[in-house]
Amino acid sequence: MTQWLKNAIFYEIYPQSFMDANDDGIGDLQGIISKLDYIRELGCNAIWINPCFDSPFMDAGYDVADYYKIAPRYGTNEDARQLFDEAHKRGMHVLLDLVPGHTSHLHPWFLESMKAERNEYTDRYVWTDDIWNAPEGFATLRGISDRDGCAVTNFFSTQPALNYGFYHITEKWQQSPEDEGPRKTLEEVIHIIRFWLEMGCDGFRVDMAGSLVKNDPDSLGTIALWQKVRAFLDREFPDAAFVSEWGEPDKSLMGGFHMDFLLHFGPSHYNDLFRCEHPYFARDGKGVVSDFVKKYVENYTKTDGRGLICIPSGNHDMNRLSFQLDEEERKLAFAFLLSMPGAPFLYYGDEIGMNYLKDLKSLEGGYSRTGSRTPMQWDNSQPNAGFSRAEASKLYLPQDPREDRPAVSTELQREDSLLNEIRKLIGIRQSHIALQNEGAIRFVDTGREYPLAYVRSAGEERILAVINPSETEVSVKLPEEAVRCLYAYDGKEVTWDGDEAAVPGVSAGFYLLK
Ligand code: NOJ
Ligand code: CA
C-alpha cells in the first residue's frame, strides 16, 4: 500500500463551488490553493477534485473535451502544477478525477470518429456498423453524422463510450480488447495518467471504473485492463494512489486499485445509514444497520489485506447528509465515518452542515444533484458568504438563501459545532493506529440493531467503538470492559457491569481495550 494512503483523510472538492479567486463567480484552482490551510487544519491531508479539464460542462466536467488541459474557467496547467506544489509543502496529496469511460460528444476524437472516412479515431469509440442496427441493451447516438452506425453512450447522451472492446463478442462490429482500436484507447489513457502524475499529481479517483469493457458480466475484461494500468504504475509511479468508483471492492482491488468507494446505489446498503426513510443515524431508532454490516463484512472478507473500502460522507451525486440528519445525528455519523477502515472522504461543506437545496434548477447536468453543489459558505459577508466577490447574479449557483445558513467562520468559533467535533475525531483517529485506514475491523454481534459496535485493531492496539444513534439507552453484552475511554460524544460513556454494558442514547464512544 502506498505509504501516504495509510493515514490519508480526503476532502472532496467540487471546483465550481469551492472558492473563487478571480471574482468571476465560479470557483478555481487558485481558490483551492488559498484554502489548503483550512483543509489541513480541519485534519484532512488529501484532496480529490472533481474533473477540472476542458469541457462543454454538460455533465459538470464528466464530459471531457481535452484531457491534457485545465478548463480555462478554473485556470491553467501552471495553476495545477502550483496546486500540487503547495499541497506537497503542507504534507498533503492531490487526486484528480479521471474519466476513462467516455468523453464529451464535442471531444475532437469523437468529431473525427463521426466521419465516414476511416481515420485514426474511427475505432476510438464503440460504433455499430449500420445506423439501422441499434444494439440491444445500450443507449446510442444515431443519425448525427455521415458515418453509418450508432455510437454507444455511457451515461448521458452527450457522453459517447470510449472503445475498450467487448469481453464476449456477439456481433461482428464488436471488437476484442486486444484489437488495435481498444489497445490504442488504453495507451492514450496511460499517456494521460503519466502526463498529470509527472506534473506532480498524486493519483486519481477513477470515474465508472467498472464500465470499460462491454459485455463483461463478471468484469473479467475490465479487471484485466486495470491490471495493465497497475503494472505500468508499479513500474513508473509506485506511490500514486488509485481510487475507483466501482462499488464492488473485490473486483476493483483485483484490478489493482488501492481503494473502492461504497456507492449510494447498488448492493452496499450505504443509503440505509444516512439516506432512506429511516436512516440508521436518525434519533428515532427505526433504522437498520445489519444489512449494511453483512454486505460490508462480505466485501471486507474478500478484500482484506488487498486494499481498502472507502465510505464517503456524501459526494456531488447525492443529497447532503443534512437533508435527513440534524447536527447531533451528523456528529454520530461522523464518529462512525471517522472510525471505520479505509480512507474517509469528506464532501466539502458537510463539515459545516451545508444544506441540500432541494428545488434548485438543474445546472450542468446536475438535476437532483444540483442542490448538493452550491457555493461554499466561508463567512457571513454579503452577498456571497466569502465565496466570491462577483455580483450574486453571476455565481455558478446561488448561495443557500437561508438566513441561518452555516459558515466556516462561525462554526470554527462555536465550541460544540460539527466542524469542531470533526476536528477532534480526526485528531483521535490520527493518534491511534488501530483507527487508521489499515486497522482491522471486527463487528460485535449485539443481537440488535442499536447500538453498532466494532473493534478496530492494529499491532498491540485494540479499540472498541460503540455508537448508539437512537435516543433510547440500551443494555447489551459487549465482549470486554474498556481500559480507558478515548472519546465520548457529549461526555456520554458506556458503563460496564461485568459483560453487561449500558449504552446511553445518542452516544458514540471509542474505548481502548486490554
Ligand atoms: C459518476 C460521477 O460521479 C457523476 O457525477 C457523473 O455524472 C457520472 N459518473 C458520469 O461520468
Ligand atoms: Ca473564478
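The values are calculated or read from the model by the stated rules, or taken from the named source; none is laboratory data. Treat the numbers as computed from the prediction; the structure is a model and nothing was measured. All Cβ positions, glycine included, derive from the backbone under ideal geometry; neighbour counts span all protein chains shown.
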| field | Candidates Leu435, Leu397, filtered to the one that is outside the structural domain of Gly342 (by TED's automatic domain parsing) and under 30 Å from His316 (Cα atoms) | value | Leu435
| message | Consider segment 233-248. How many of its residues are part of a helix (DSSP H, G or I) and either at pLDDT below 95 or surrounded by fewer than 16 Cβ atoms within 10 Å (Cβ to Cβ) (or both)? | response | 3
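Evaluate segment 316-327: report whether one residue or more is basic (Lys, Arg), crowded, with 17+ Cβ neighbours inside 10 Å and part of a loop (DSSP other than H, G, I, E, B). Working first, answer last.
Applying the first criterion (basic (Lys, Arg)) to segment 316-327 yields 320.
Next, only the ones that are crowded, with 17+ Cβ neighbours inside 10 Å stay: 320.
Adding the requirement that they be part of a loop (DSSP other than H, G, I, E, B) leaves 320.
Yes.
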| Qualifying residue in segment 477-489 (condition: touching a Phe, Trp or Tyr at 6+ places or on another chain (Cβ under 8 Å) and of a type in the set (Asp, Glu)) | yes
| field | Residues within segment 67-78 that are in a loop (DSSP other than H, G, I, E, B) and surrounded by fewer than 19 Cβ atoms within 10 Å (Cβ to Cβ), tallied | value | 1
| Members of segment 140-179 found to be within 26 Å of the chain's Cα centre (by Cα) and of a type outside the set (Val, Ile, Thr), listed by number | Asn154, Phe155, Phe156, Ser157, Gln159, Pro160, Ala161, Leu162, Asn163, Tyr164
| Residue list for segment 395-417, filter: closer than 16 Å to Tyr38 by Cβ and either outside any loop (DSSP other than H, G, I, E, B) or modelled with pLDDT under 95 (or both) | Val408, Ser409, Thr410, Glu411, Leu412, Gln413
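Tell me which residues, restricted to segment 18-40, are away from ligand 2 (no atom under 11 Å from the Cβ) and assigned to a helix (DSSP H, G or I). Explain how you work it out, then say what you get.
Our first condition is that a residue be away from ligand 2 (no atom under 11 Å from the Cβ); within segment 18-40, this holds for 33-40.
Listed by number, the residues that qualify are Ile33, Ser34, Leu36, Asp37, Tyr38, Ile39, Arg40.
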| So how many residues does segment 320-361 have that are within 18 Å of Ile39 (Cα to Cα) and modelled with pLDDT under 95? | 0
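Residue-by-condition table, conditions (1) on the phi < 0 side of the Ramachandran plot; (2) in a loop (DSSP other than H, G, I, E, B); (3) without any contact (Cβ under 8 Å) to a residue 60 or more places away in the chain; (4) under 24 Å from the mean Cα position of the chain (by Cα):
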position: Phe84; (1), (2), (3), (4): yes, no, no, yes
position: Pro100; (1), (2), (3), (4): yes, yes, no, yes
position: Ala116; (1), (2), (3), (4): yes, yes, yes, no
position: Asp129; (1), (2), (3), (4): yes, yes, yes, no
| task | Output yes when any residue across segment 58-66 is part of a strand (DSSP E or B), within 14 Å of ligand 1 (Cβ to nearest atom), within 25 Å of Ile193 (Cβ to Cβ) and at pLDDT 95 or above, and no when none is. | result | no
| Of the residues in segment 455-485, how many are in contact (Cβ under 8 Å) with a residue 24 or more places away in the chain, touching a helix residue (DSSP H, G or I) at 6+ places or on another chain (Cβ under 9 Å), surrounded by fewer than 20 Cβ atoms within 10 Å (Cβ to Cβ) and not charged (D, E, K, R)? | 2
| request: Considering each residue of segment 249-306, count those that are outside the structural domain of Leu332 (by TED's automatic domain parsing) and part of a helix (DSSP H, G or I), and give that number. | output: 6
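Within segment 324-334, can one find any residue that is touching a strand residue (DSSP E or B) at 6+ places or on another chain (Cβ under 6 Å) and of a type outside the set (Lys, Arg)?
Looking for residues that are touching a strand residue (DSSP E or B) at 6+ places or on another chain (Cβ under 6 Å) and of a type outside the set (Lys, Arg), one finds at least one in segment 324-334, hence yes.
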| task | Kindly establish whether Phe10 is aromatic (Phe, Trp, Tyr) and within 16 Å of ligand 2 (Cβ to nearest atom). | result | no
